[in-house]
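Here the structure comes first, spelled out in structure tokens, and everything after it is commentary.
A short reminder: the numbers here are calculations on the coordinates, not readings from a lab. What you are looking at is a predicted structure, and each value in this text was computed from that prediction instead of being measured. Cβ placement follows ideal geometry from the backbone for every residue including glycine, while neighbour counts extend to all protein chains displayed.
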Amino acid sequence: MSDSSLFIPVILGTSRQGRQSEHVAKFIVEQVALRDRLETELIDIRNIAIANDDDDAGEPLKDPQFSATMERADGLIIVVPEYNHGYPGLLKHILDTCLKEYIHKAVGLCGVSAGPFGGTRVIQNLLPVMRELGLMTIFYDLNFSNVQKLFDESGNLLDKPTYIRRMEKFMDELVWMSTVLKYGRQEVSLEKKDSIQVNTHASKPCPEIAARMGADAMDTVLQVSRNAQTGEVKATPVT
Ligand SMILES: Cc1cc2nc3c(=O)[nH]c(=O)nc-3n(C[C@H](O)[C@H](O)[C@H](O)COP(=O)(O)O)c2cc1C
């Protein structure tokens, strides 16, 4: 891929047999692939084998292939069905296995529902999760309501022109955000002169560590610095 091209995979966020979201995800992959300078692929969470009875959750359960794909991605599309107004637990379990792979990357959300609201409620519930993962949500969503009526038996979308039109704005925004953030990740340094301003969750306020250091927990951001001679790494509260 050339430097101006983008890799934007599509996550199919349910493993349910008979899932309608699969038709939606396949339609989206097909449309993304038609765009210039975009590469995509379908990530079916059914194919990601991670433990669900382990002592751990989150990063210790990382799947190497999923992690590598998230690392390479410049942006993401998540197709998420609405289950009791929330997102499928398995989708969250899998998303939780990565963290630094997502940081400063754009994400577009696509809600799918049997009801009339097109997954708007699941999208609202997913927003804080996206933020905590370091992903930047775009301000257009895709909504597939009454999804059981939208596709024929072979999974072909019945009213393609309507959804192609809706996807235009969504994709324009996602491509713009992904391009800007890719430029930022490559060109805008977060390093300061004598210290590393860590571009990860380590530079977020951490009440627990701050409290242990006797600092005012809620307002404290820790700056991590490294002594150039000794290599010693030290965390100091930034006021
Ligand atoms: C456990 C569960 C809960 C659901 N809750 C909702 C809901 O809150 N609102 C809604 O519109 N549809 C709800 N549905 C219907 C799904 O939105 C519907 O199955 C749709 O096709 C998308 O999910 P799918 O990809 O699994 O088919 C629910 C389905 C399941 C399996």
Long-range amide H partners of Ile48 with built H, under 5 Å
none
So what J values fall out for region 10-27 if you push phi through Karplus, 6.51 cos²θ - 1.76 cosθ + 1.60 with θ = phi - 60°, rounded to Hz, Gly and Pro as x?
10, 8, 8, x, 8, 10, 4, 4, x, 4, 6, 4, 5, 4, 4, 4, 5, 4
Among Val79, Val29, Val180, rank each residue by its count of other Cβ atoms within 10 Å, from fewest to most, as a rough exposure measure.
Val180, Val29, Val79
Calculated FRET efficiency for the pair Glu30/Asp152, C-beta based, R₀ 25 Å, to 0.05:
0.95
Taking 0.36 nm per residue of separation and subtracting the Cα-Cα distance, what length does fully extending Lys169 through Asn125 add?
13.6 nm
Work out from phi, with θ = phi - 60° and the Karplus expression 6.51 cos²θ - 1.76 cosθ + 1.60, the ³J(HN,Hα) of each residue of region 158-165, listed in order in whole Hz, and give x for Gly and Pro.
6, 10, 4, x, 4, 6, 5, 4
Which entries of Lys26/Lys100; Lys105/Lys234; Lys149/Lys169; Lys62/Lys149; Lys26/Lys62; Lys26/Lys105 have Cα-Cα distances beyond 31 Å here?
Lys62/Lys149
Amide H contacts of Gly75 (H built 1.01 Å from N, under 5 Å, at least 5 apart or other chain)
Phe7
For region 77-88, 3J(HN,Hα) per residue [Karplus equation, 6.51 cos²θ - 1.76 cosθ + 1.60, θ = phi - 60°, Hz, x = Gly/Pro]
10, 10, 9, 10, x, 8, 10, 6, 6, x, 9, x
A correct fewest-to-most ranking of Cys98, Cys110 by other Cβ atoms within 10 Å would be Cys98, Cys110
By Cβ neighbour count within 10 Å, fewest first, Tyr183, Tyr83, Tyr163 rank Tyr183, Tyr83, Tyr163
Three-way shape call for region 6-187 based on the alpha-carbon gyration tensor, with the a/c threshold at 1.5
oblate
Within a Cβ distance under 15 Å of Ser145, other residues only, what is the Lys/Arg minus Asp/Glu net charge?
0
